[in-house]
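The structure appears right after this line, and notes come after that.
The values are calculated or read from the model by the stated rules, or taken from the named source; none is laboratory data. As the structure is a prediction and not an experimental result, all values here were calculated from the model. No Cβ is skipped: glycine too gets one built from the backbone with ideal geometry, and neighbour counts run over all protein chains shown.
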Amino acid sequence: MTSTKMPVSSYDDVERELILLLRRGRAWSRDIAAELHEGLQPTAYALLSRVNDLESVRASELCGHFGMDKGAMSRTVAELESAGLLVRAPDPDDGRAQRLALSMVGRRRLAEARGARRQLVRDRLEEWAPVDVATFAELLSRFNRQLEAAVDTAFDASADRATTGTTPTGARSS
């Protein structure tokens, strides 16, 4: 792959646009969570989406995916259960564990919320050339994969430091 030096201003532009996108994304998640159930936390929407994508999952797997501690995950799962959006079932591979899945109500509400969100995206991109939409999707996917790899590496390093009691520089913490 040929590498050309990118002007610093281009990186600054990307960072600025990402900040705007993330701010809008947080507001969007908050609004969608409220559509799913009054008072629902924005993180609950992301969790529901992940459970839907996987169909059935252990809470511990979600902790790893979202970088949440067990207590926060337990509270979020309880919130979703009490809203009638999530159900627990015994794990067929381990009788001591439970798997989480969307309830019928959760599946319906999530589909409605996703449908509205996807229509909003379509509306914003309808004037773009199809090749531009495809290119945007590919570049965004590539960027997300790279971010995920970087976050996974940082998460693993953080877990290693917590286990060994060292700081990011390798010094022992007190």
message = Looking only at the stretch 52-66, count every residue that is closer than 21 Å to Arg145 by Cβ and either assigned to a helix (DSSP H, G or I) or within 13 Å of the chain's Cα centre (by Cα) (or both) and tell me the total.
response = 8
query = Between a first residue in the stretch 80-102 that is over 20 Å from Gln41 (Cα atoms) and a second residue that is surrounded by 20 or more Cβ atoms within 10 Å (Cβ to Cβ), which pairs have beta carbons less than 6 Å apart while being 6 or more apart in sequence or on different chains?
reply = Ala89/Arg99; Asp91/Arg99
inquiry  = Please go through the stretch 80-104 and give me each residue that is part of a loop (DSSP other than H, G, I, E, B) and surrounded by fewer than 11 Cβ atoms within 10 Å (Cβ to Cβ), ordered by number.
reply    = Pro92, Asp93
Given (1) part of a helix (DSSP H, G or I); (2) surrounded by fewer than 10 Cβ atoms within 10 Å (Cβ to Cβ); (3) among the charged types (D, E, K, R), number of the condition Arg107 does not satisfy = (2)
message = Considering only the stretch 31-51, I want to know if a residue exists there that is surrounded by fewer than 13 Cβ atoms within 10 Å (Cβ to Cβ), under 14 Å from the mean Cα position of the chain (by Cα) and not basic (Lys, Arg).
response = no
ask   = Could you say which residue among Arg142, Arg161, Arg99 is modelled with pLDDT under 85 and more than 22 Å from Glu35 (Cβ to Cβ)?
value = Arg161
